[in-house]
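A quick write-up on the structure given underneath.
Values quoted throughout were computed directly from the atomic coordinates according to the rules given, and no laboratory measurement underlies them. Predicted model only: the values in this text are computed from it and were never measured. Here the Cβ positions follow ideal geometry from the backbone for every residue, glycine too, while neighbour counts run over all protein chains shown.
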Amino acid sequence: MRLRIQQPTTKKQIEITLPATEKQLQAYCDELSIDNDMKHRTIVTKVPFDDKMNTILAGNQYNLTELNFLFQSVDRFTDEEMKVFYTVATAKNLSDIKGLINLSFSEQCYNVVTDFSDINRLGEKLYLNENGAASEEELRNVDGQQYIEKMIADNPNPLVSPYGLVYPNQNQPQDIYFGKTFPQYLNGFKVFNVALRTDMAEEYLDLPYEESESQKAME
């Protein structure tokens, strides 16, 4: 995804594409004359081709490495999962990077509704979202209307977003990123990684990795 970012001090702006490799991140930092570390931040001034992401990110300051990890995480989403991410983030007014990264690992904890016209089909769809998978026989036994009625009864005051209503389901969101150690995940392309351990944390790096990645992991 294309973003326009600004160096807070010099006000210089460049366009970047995320997710990026570590070498690309280094090139972006060099162009902005900032260190490629976990301390320096840039301002997202615009996400030109995605109005929903622009609403979430524009005007806020982010560390490029953290922002890149967020885009790596959502890059694996289906269109439906991306819709849930946008709707929940907007409904919760999330813009901080920790909240956004954690949401990218817990979008299955929320049911998003934009249309109640086919309530049985909607119930089956949200049942699948909550449970992750179901056999054909299991789905045949799902009463979609009953599922929706229970969901509404359990959540009489859903979160409201311009993109739909948000109903928490029985899955419990967990905070797995606290600003230090990125959670482990497989992005479908890099399947080998190494764990760097200290007394306080454990960081996972994809193989092969750049020296700057290991330095940031130990900061």
**Study point:** Computed log₁₀ I(q)/I(0) - Debye formula, equal Cα scatterers, no solvent, segment 78-176, q 0.15, 0.22 Å⁻¹
**Key:** -0.59, -1.20
Practice item. Would you mind listing how long segment 1-99 runs along its three principal axes, going by Cα atoms, in whole Å with the largest first? Key: 37, 24, 24
Review point. When the Cα atoms of segment 43-90 are enclosed in a convex hull and the volume is divided per residue, what value in Å³ results?
Key: 74
Exercise for review: Please state the charge dipole magnitude for segment 61-128, taken about the Cα centre, from unit charges on C-beta atoms (+1 on K and R, -1 on D and E), reported in debye and rounded to the nearest 20.
Suggested key: 140
Review point. From the square roots a ≥ b ≥ c of the eigenvalues of the alpha-carbon gyration tensor of segment 59-121, which class results: rounded (a/c under 1.5), prolate (a/b over b/c), or oblate?
Key: prolate
Practice item. Report the label-to-label distance for Leu139 and Asp37 in nanometres (one decimal), using points 7 Å from each Cα along the Cα→Cβ vector. Key: 5.2
Exercise for review: Quote to one decimal, in nm, the extra length available between Phe77 and Gln172 on full extension: 0.36 nm per residue of separation minus the C-alpha distance between them.
Suggested key: 32.3 nm
Exercise for review: For Lys39, go through the lysines and keep the ones whose alpha-carbon is under 17 Å away, minus same-chain ones fewer than eight residues off.
Suggested key: Lys98, Lys180, Lys216
Check your understanding: Mind ordering 88-99, 11-22 by average Cβ neighbours within 10 Å, highest first?
Key -> 88-99, 11-22
